[in-house]
Amino acid sequence: MHLLLITLVFLLAYRFGNWREWLKYNHTIFYVITCNLLYNFFCHDKMLWEYQPDYFLMSHTIIDLLYTFITLPAITLLYLSFYPFNKSLFRQIRFIGQWVLSSMAIEYVFYKFDRLLLHNNYSYWMDFLFYPVMYSMIRLHYTRPILTYVLSMGIISFMLWYFQIPLK
């Protein structure tokens, strides 16, 4: 299932992503990669979610690296390629909402088929909070990166505290 999702998202980004202007999105893609790597660094000993290996992908680490360097950049490219920057606030919120619901629907399938395991008091319902923050931060980083880094430090600190992630 993981390999199918990785391949599908890559092909969608290849076909529909704004590759002519990919350099505009480069810093935000790097931000998304960094955030995921930070999650894995801080939560290595106390994961909140973990990818269960498929037939070809033998460990959470391999799957997560593929998501980090293929799927998340592809999603970021697609998301920013179609983001309605010059539209009303309502249209922007609706766009983010569509991405949140799509992400949650895909994740639910992985959760139900035990390809995504949730640990340490992290529950599926929390994604109703996680995905809106994630997509809003991607959008914000594209136009206000310094503010995004400051807010990210606060969000990371809160999550480390809330889930009692030990810093060793």
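Only residues that are surrounded by fewer than 16 Cβ atoms within 10 Å (Cβ to Cβ) and assigned to a loop (DSSP other than H, G, I, E, B) were counted across the range 55-79, and they come to 4. Filtered by the rule that a residue be surrounded by 15 or more Cβ atoms within 10 Å (Cβ to Cβ), of a type in the set (Phe, Trp, Tyr) and under 21 Å from residue 151 (Cβ atoms), the range 17-37 gives 25, 31. Taking first residues from the range 51-70 that are at pLDDT 90 or above and partners that are among the charged types (D, E, K, R), the Cβ contacts under 8 Å between residues at least 6 apart in sequence or on separate chains come to 51/64; 51/115; 52/114; 52/115; 63/54.
The single condition among (1) under 27 Å from residue 92 (Cβ atoms); (2) touching an Asp or Glu at 6+ places or on another chain (Cβ under 6 Å) that residue 39 does not satisfy is (2). Tell me, which residue of the range 115-168 that is exposed (fewer than 14 other Cβ atoms within 10 Å of the Cβ) and of a type in the set (S, T, N, Q) is nearest to the chain's Cα centre (by Cα)? Of everything passing the filter in the range 115-168, 123 is nearest to the chain's Cα centre (by Cα).
The values are calculated or read from the model by the stated rules, or taken from the named source; none is laboratory data. Bear in mind the structure is a predicted one, so any value in this text is a computation, not a measurement. Every residue, glycine among them, receives a Cβ derived from its backbone with ideal geometry; neighbour counts consider all protein chains shown.
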